[in-house]
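What follows is one structure encoded as structure tokens, with my remarks underneath.
Just so it is clear, none of the values below were taken in a lab; they were calculated from the coordinates. Source: prediction; values computed, not measured. Here the Cβ is made from the backbone with ideal geometry for all residues, glycine too, and neighbour counts use every protein chain on show.
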Amino acid sequence: MTNIRQTMNRFIKRLKIRRKYKDALFRRCFADKKDLLELYNALNGTAYDDTAGLKITTLDDCIYLTYKNDLSFIISATLNLYEHQSTYNPNMPIRGLIYFARVYEAYIREHQLNIYGKALIELPEPRYIIFYNGTNDEPDMQEIRLSDAFGKNGHIHGKKTALECVAVMLNINYGHNMELMNKCRRLHDYAYFVNEVNQNLKKGYPFEKSIYLAMEHCEQSDILRDIIGKQRSEVFNLLLNEFDVKIYERGLKAEGKAEGKAEYIIELLEEVGEVPDSLRNRIMRQTNLETLSRWHKLAARAQSIEDFEQAIGLAKLDLI
């Protein structure tokens, strides 16, 4: 069992190192306004066909928060922020809040709106979608709220918080949200390609060959043919070079420590009862080493699973 777990951990870490290739391909797939409009229509049940009504508002200068990965645009009085994620990130709402504030600032300046006047200014309605295709088994759709980060202070005396940002996360791993996939061929083909790469990796092929085989198969099957066929070498190099190995090696080192602590907490809990999947996922998602150390102490003292769940609830240690 130990050898199997170690093998799986190595496989998962290899996927994490290479995960940014998905971001690069996602951006390439929806770089054209026509494809972005098709995705918007599929999500909203609309049938817009004039790309002239779609204005790109993507910010390219906020590299410190990797905002270069975002797709942001205004259409039909809505400000849309689309973000691709290969890992579950509970902090997306605060990133979205900062992003929306910057876009609104630019919008107000461009349209010379007077935010100090007596008349109410009109702003496009914000909509925030996260397209997730990581290795966690996430539901087809879930909401991630900024107010979750406020802990118990978010609802003091029963009052609502002054700030909220809601991100809708859609699982786009192949086999999920197929109704949406059927409405947007581009999204379907993207998910299909990523699934092909993952299947090749599971067969033991190195990353480069996994990409090559996926490109061969998809081109023959008319999947992303316009991207793979016309720009084959360019796309191949893009997928290989989209990540910084040193940065990810440092990240993996930290993630490895957190993962090890989380697994040990689960092992301790398994000695006192069956760990529910919801609790197991909650522990494995936690990356804060200080929080995991506290949970470790609580798990070591817990007489039952219920004791542990109650302890982390009362201590407000679950920051995600």
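Model label sites at D277 and V166, defined 7 Å from Cα along the beta-carbon direction, differ in position by 2.5 nm. Pull up the cross-link candidates among the aspartates and glutamates for K261, meaning alpha carbon to alpha carbon under 18 Å and not fewer than 8 places away within one chain. Partners found: E270, E271, D277, E290, E309, D318. Counting beta carbons within 10 Å around each of K33, K202 and listing the fewest first gives the order K202, K33. Anything over 19 Å Cα to Cα? Flag those among K257/K297; K55/K230; K202/K257; K55/K183; K33/K183; K34/K183, in the order listed. Those over the limit are K55/K230; K202/K257; K55/K183.
As a rough footprinting exposure proxy, the listed residues I144, I265, I121 were ranked by other beta carbons within 10 Å of their own, and the order from fewest upward is I121, I144, I265.
Beta bridges assigned by DSSP with both partners in region 32-171 are antiparallel in approximately 50 percent of cases.
With both labels modelled 7 Å from their Cα along Cα-to-Cβ, the I115 to M284 distance reads 4.2 nm.
Counting 0.36 nm for each residue step from K55 to N136 and taking away their Cα separation leaves a gain of 25.8 nm.
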